[in-house]
Amino acid sequence: MTDSRDATLRVTMLPRDTNARGTIFGGVILSHLDLAGGIAASRLAARNFVTRAMHAVEFIAPVYVGDVVSFYTTVLRQGTTSITIKVSVEAERGRDPRQRVKVTEAEVIYVSVDEAGKPVPLN
């Protein structure tokens with residue numbers, strides 16, 4: 001199975017990313033999710049962005065060592081100083097790369113800021 005979508009970010013999960021239960025720590029996934037959204041925001045405007053909010057993160061399936069996790073982004077809204085990005089996360093199972101499972105998704109709001117951390121217009 002091939003996928004026509006381009007992932008903003010792909011990461012292979014390593015043993016250092018595991019929690020006490022032997023699955024990938026949710027914080028690792030959240031960190032990459034935030035990074036992917038930030039990459040998408042920066043592609044729209046060459047600005048510095050800070051994360052303002054992350055909405056409704058619910059983990060649907062576990063991620064295992066060796067899985068390749070893909071982070072797909074879609075711009076939902078663009079305001080004067082902010083961009084809302086939807087990040088969808090899927091894992092390709094290391095033991096069977098043809099098997100893909102949805103892991104989570106979230107809407108993340110990024111605000112464009114100047115060197116002093118004050119919001120600035122995107123345009």
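Residues in the range 80-104 that are without any contact (Cβ under 8 Å) to a residue 24 or more places away in the chain and within 19 Å of Asp34 (Cβ to Cβ): Lys86, Ser88, Glu90.
Applying the condition of being in a loop (DSSP other than H, G, I, E, B) and touching a residue at least 40 places away in the same chain (Cβ under 8 Å) to the range 7-21 and asking which residue is farthest from Arg77 (Cα to Cα) yields Leu14. Take Arg47 and tell me if it is charged (D, E, K, R), exposed (fewer than 15 other Cβ atoms within 10 Å of the Cβ) and within 24 Å of Asp114 (Cα to Cα). Here the answer is no, as Arg47 does not meet what is asked.
Somewhere in the range 63-81, is a residue within 17 Å of Ser112 (Cα to Cα), modelled with pLDDT of 95 or more, in contact with a Phe, Trp or Tyr (Cβ under 8 Å, 6 or more places away or on another chain) and surrounded by 14 or more Cβ atoms within 10 Å (Cβ to Cβ)? No, because not a single residue in the range 63-81 is within 17 Å of Ser112 (Cα to Cα), modelled with pLDDT of 95 or more, in contact with a Phe, Trp or Tyr (Cβ under 8 Å, 6 or more places away or on another chain) and surrounded by 14 or more Cβ atoms within 10 Å (Cβ to Cβ). Within the range 1-42, the residues that satisfy the criterion of being more than 21 Å from Pro62 (Cβ to Cβ), over 10 Å from the mean Cα position of the chain (by Cα) and surrounded by 13 or more Cβ atoms within 10 Å (Cβ to Cβ) are Ala41, Ser42.
Is it the case, given these coordinates, that Glu107 is more than 17 Å from Asp6 (Cβ to Cβ) and either basic (Lys, Arg) or modelled with pLDDT of 95 or more (or both)? So Glu107 fits the description; yes. With respect to the conditions (1) surrounded by 15 or more Cβ atoms within 10 Å (Cβ to Cβ); (2) of a type in the set (Lys, Arg); (3) out of contact with any strand residue (DSSP E or B) (no Cβ under 8 Å at 6 or more places or on another chain), Lys86 lacks only one, and its number is (3).
The values are calculated or read from the model by the stated rules, or taken from the named source; none is laboratory data. Please read all numbers here as calculations on a predicted model, not as lab measurements. Cβ: placed from backbone, ideal geometry, glycine included. Neighbour counts: every protein chain shown.
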